[in-house]
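S.K.: The structure follows.
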Amino acid sequence: MIAEFLLNFVLGIISATGLLGIFSLMLLESTVIPIPSELIMPFAGFLVAEGKMQLIAVVFAATLGSIAGSLISYYLGKTLGKEAVLKFGKYLLLEKKHLDKAHEWFGKFGGKTVFICRFIPAVRHVISIPAGIAEMNLGKFIAYTAIGALCWNSFLAIVGIQLGKNWAELIKYTEFLDIAVVIGIVFIIAFYIQKTRKKQKSAV
């Protein structure tokens, strides 16, 4: 029921406002408001396939929205702190376990987590908060956010183009897509940790 409501909401916004709608929705997606990018970008890709939008413009608007939303969360974390964010975030369906996971990842991998978590469901829309709490360098934060958002938004838009009118079918497989992405990220992290340990051993 919630998924159907969100789907109709996304379709209505993008159909009525175009690129501004994509920017606005991706801004919300990158804050504590859980609007899935898997609903936004494939539909935008479908509109590109229909000749109603340009791919570069779609990805640019989406990525700007992702950066803007992430900056809002960053400054929320920086100015309010974790407990205050949780106190008010619960009214926006912000789950403590997701924020805790984001903190855990940020503690382990530092600034790179901002890039990595752009590809991870549930965590992607809260990772900016621990970055703000840790007062991560703003330039690095924007750079990691922009690169991660650009990759993810482009991927989903291209998937929408390839699926055409059947873009909504992606929703049925979103969970499997997310799992596949998470597995890929885990392998990359494991490889990075192993490589770092080898360097540390060889330096001893």
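The values are calculated or read from the model by the stated rules, or taken from the named source; none is laboratory data. Fair warning: this is a prediction, and the values are worked out from it, not measured in the lab. Heads up, the Cβs are rebuilt from the backbone with ideal geometry, glycines too, and the neighbour counts pull from every protein chain shown.
S.K.: Check K101 against each of (1) within 14 Å of the chain's Cα centre (by Cα); (2) modelled with pLDDT under 85 and name the one condition it does not meet.
M.R.: (1)
S.K.: Continuing with the same structure: State which residue pairs qualify: first residue in contact (Cβ under 8 Å) with a residue 60 or more places away in the chain and inside region 53-71, second residue not in a helix (DSSP H, G or I) in any location, beta carbons under 6 Å apart, and separation of 6 or more residues or different chains.
M.R.: S66/S30; S70/S30
S.K.: Please go through (1) modelled with pLDDT of 85 or more; (2) out of contact with any Pro (no Cβ under 8 Å at 6 or more places or on another chain); (3) not basic (K, R) for G160 and return the number of the only condition it doesn't satisfy.
M.R.: (2)
S.K.: Hey, another quick one. Could you tell me whether region 16-38 includes any residue that is charged (D, E, K, R), surrounded by fewer than 22 Cβ atoms within 10 Å (Cβ to Cβ) and at pLDDT 85 or above?
M.R.: There is no residue in region 16-38 that is charged (D, E, K, R), surrounded by fewer than 22 Cβ atoms within 10 Å (Cβ to Cβ) and at pLDDT 85 or above.
S.K.: Answer yes or no as to whether K165 is farther than 30 Å from F46 by Cβ, among the charged types (D, E, K, R) and modelled with pLDDT under 85.
M.R.: no
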